[in-house]
Amino acid sequence: MSTLDRLFKEMQDLGRVSGHRDPNTPLALLGLLFFDQRLGIDSGKCELSTSDDILRLARDVEFSMGWNERPFSRYLLSHIQALSPAIVAKWLSLAEGISLDAEFKNWFPNQFENLTLSTFQETPPSVAHLITSLFEGRDVRVLDPACGTGTLLSAALKRFGAEHSSLIGKEGNGYSYSWATIRLAAQGAGNATIELEQVLRPRNHPLNVEKQGFDIILTNPPFGVQMQVADLPPLIRQSELLSGKPLSGRESARVASESAYVAMAYESLSSKGTAALIVPNGFLTRGGADRRIREALIEREAVSAVIGLPPRLFAPITAIETSILVLAKPSGPNAHPSTLFIDARESGYRKGAKAVLNETTVDHIIDVYKARRSEREFSRVVSTSELLTANSSLAPAIYFEHVAIEKVGALDRRSKIGELESQYTSLRAEYEQIVLQLKRG
């Protein structure tokens, strides 16, 4: 266990004993102290010992960093004055004298998978690595329109580097926005801009997306929120995925939030851009507005790939099964007159209640994706005409001929069990004979 791990655990334990129910507060405080050390704001001018001292330092850090939305003082540490003064003083005493700069940049991002926030589902690191590895390029403009705590943008920073990418994240929840802001800043992402903005805002408010579009869009958006099409921003409401369809003319028409994000992502791509979105599997098969959107995407040959993910990747927050939907503008390098389906639902392993994608599985998916290779029971390239014939379903499972499980009758089953028991008895006797011989020397 590292010095930071021990410090963080001791701070959490103290908070828990005192009745403080937010285990994230010590992490936010360590983040503040990290920026204080990096910027040299306090520099020993006065000893930190109270919650008032913490909030004063928070405002100084926010001013120095140009954070007008005040992620520390308005959100992450806004409740610090409600804590017992003795606990605050003990936290500060524990952290005193510890140099955070060298180790913190690598340690801090690894803590986000365990953040306890009920407002979002954190993207597992293995999934973030998989998504960002689908993309190539230099000097790319990257957007996450629902960036949460910044997991995908953090992975994109690692993938493309600060010198060869421009990262923009939009997040409507103040707490998630705050974590994303300090996370990217702690990693030295001078190329990153995090904005407190809800992209599915009311219809009269223009969506702030640059005209030239983005080279890469990656996101794990909110699922299942029903929205009136008429209330969506013009960029989405007037999307070519909806225009010309009966849906767009009905004021009462509704779409799920994931469908709105799919339309927004497609419309926000540059002429050569590619998007990867995590979507619930329901979007891949539902009728109504979802089917109309899928049809429009298929007809435009915009669905580059669909990657079916294992169940329970996002447990315990949700058990909804998901896939990665990869979209490409027809004029882009990733556009194809067909769609690659990868069925990775049985891949990975279980870790408690969660499913985890191991490195071998991720590397295999990436290799198959880049080669657009068909593998029996795992991947297949499907033509546009076949997709339209199949009611525009994008569920990977229906495009594979899975081996049927042979049904065995009761008599045959008893016979097989007897055969196995006989083999076991024989092997056991052979094993005991070998052990006896070894003991005799």
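The values are calculated or read from the model by the stated rules, or taken from the named source; none is laboratory data. No experiment lies behind these values; they were computed from the predicted model shown. Cβ placement follows ideal geometry from the backbone for every residue including glycine, while neighbour counts extend to all protein chains displayed. Side chains are part of the model used for accessible areas, which takes the heavy atoms of the whole protein and leaves out ligands, DNA and RNA. Shrake-Rupley method; radii C 1.70, N 1.55, O 1.52, S 1.80 Å.
Here the Karplus relation 6.51 cos²θ - 1.76 cosθ + 1.60, evaluated at θ = phi - 60°, turns the backbone of region 57-72 into coupling constants of 4, 4, 5, 5, 5, 4, 5, 5, 8, x, 8, 5, 7, 6, x, 7 Hz, with x for every Gly and Pro. Using the average count of surrounding beta-carbon atoms within 10 Å as a protection proxy, the listed peptides 336-347, 136-147 rank, highest first, as 136-147, 336-347.
Can you tell me the length gained on complete extension of the stretch Leu39 to Ser166, counting 0.36 nm per residue apart and subtracting the Cα distance? All intermediate terms of the calculation are to be shown ahead of the outcome.
Details: separation 127, 0.36 × 127 = 45.72 nm, distance 2.34 nm.
My answer for the length gained is 43.4 nm.
Couplings for region 130-142, taken from phi via the Karplus curve 6.51 cos²θ - 1.76 cosθ + 1.60 with θ = phi - 60°, read 4, 4, 5, 6, 6, 9, 10, x, 10, 6, 9, 9, 10 Hz in order; Gly and Pro are left as x.
Computed over protein heavy atoms with a 1.4 Å probe, the accessible surface of the chain works out to 48 Å² per residue. Taking the charge dipole of region 93-192 about its Cα centre, with +1 at Lys and Arg Cβ atoms and -1 at Asp and Glu Cβ atoms, the residue from Gly150, Leu167, Ala95 reaching farthest to the positive side is Leu167. The string of couplings for region 390-396 from the Karplus curve (6.51, -1.76, 1.60, θ = phi - 60°) is 8, 6, 6, 6, 10, 6, x Hz, one whole number per residue in order, with x for Gly and Pro.
Straight-distance candidates among the aspartates and glutamates for linking to Lys351, with alpha-carbon spacing under 19 Å and chain neighbours fewer than 8 residues away dropped: Glu113, Glu122, Glu321, Glu359. Given Lys9/Lys158; Lys170/Lys272; Lys329/Lys354; Lys105/Lys272; Lys90/Lys354; Lys272/Lys370, which pairs have Cα atoms separated by over 25 Å? Pairs exceeding the cut-off: Lys9/Lys158; Lys329/Lys354; Lys105/Lys272; Lys90/Lys354.
So, with a 1.4 angstrom probe, what is the percent of accessible area on the chain that is carbon and sulfur? Solvent-exposed carbon and sulfur of the chain make up 50 percent of the total. Based on C-alpha pairs under 8 angstrom that are at least 6 apart in sequence, the chain has a relative contact order of 10 percent.
Report the extension gain between Asn106 and Gln212 in nm, rounded to one decimal, defined as 0.36 nm multiplied by the number of residues separating them, less their alpha carbon distance. Intermediate results must be reported in sequence, preceding the final value.
Numbers: separation 106, 0.36 × 106 = 38.16 nm, distance 3.38 nm.
Gain on extension, Asn106 to Gln212, equals 34.8 nm.
Given the -39500 (n - 2.57) contribution per DSSP H run of 4+ residues, what per-residue ellipticity at 222 nm results for the chain, rounded to the nearest 500 deg cm²/dmol? The partial results should precede the final answer.
Values: 14 runs with 172 residues, N = 441.
Counting only the DSSP helices, I get -12000 deg cm²/dmol.
Sorting check: for 148-154, 259-265, which peptide has the highest mean count of neighbouring beta carbons within 10 Å, and how do the rest follow? Kindly include the intermediate steps, with their values, before the conclusion.
Working: 148-154: 28.0, 259-265: 25.7.
Final packing ranking: 148-154, 259-265.
What translational D, rounded to a whole number of µm²/s, comes out for the chain from Stokes-Einstein when the hydrodynamic radius is the Kirkwood one over Cα pairs, at 20 °C and 1.002 mPa s?
Working: Rh = 24.5 Å.
Stokes-Einstein gives a translational diffusion coefficient of 87 µm²/s.
Once backbone amide H atoms are built at 1.01 Å from N, Asn358 has Gly348, Tyr349 as its partners under 5 Å, excluding neighbours fewer than 5 places away on the same chain.
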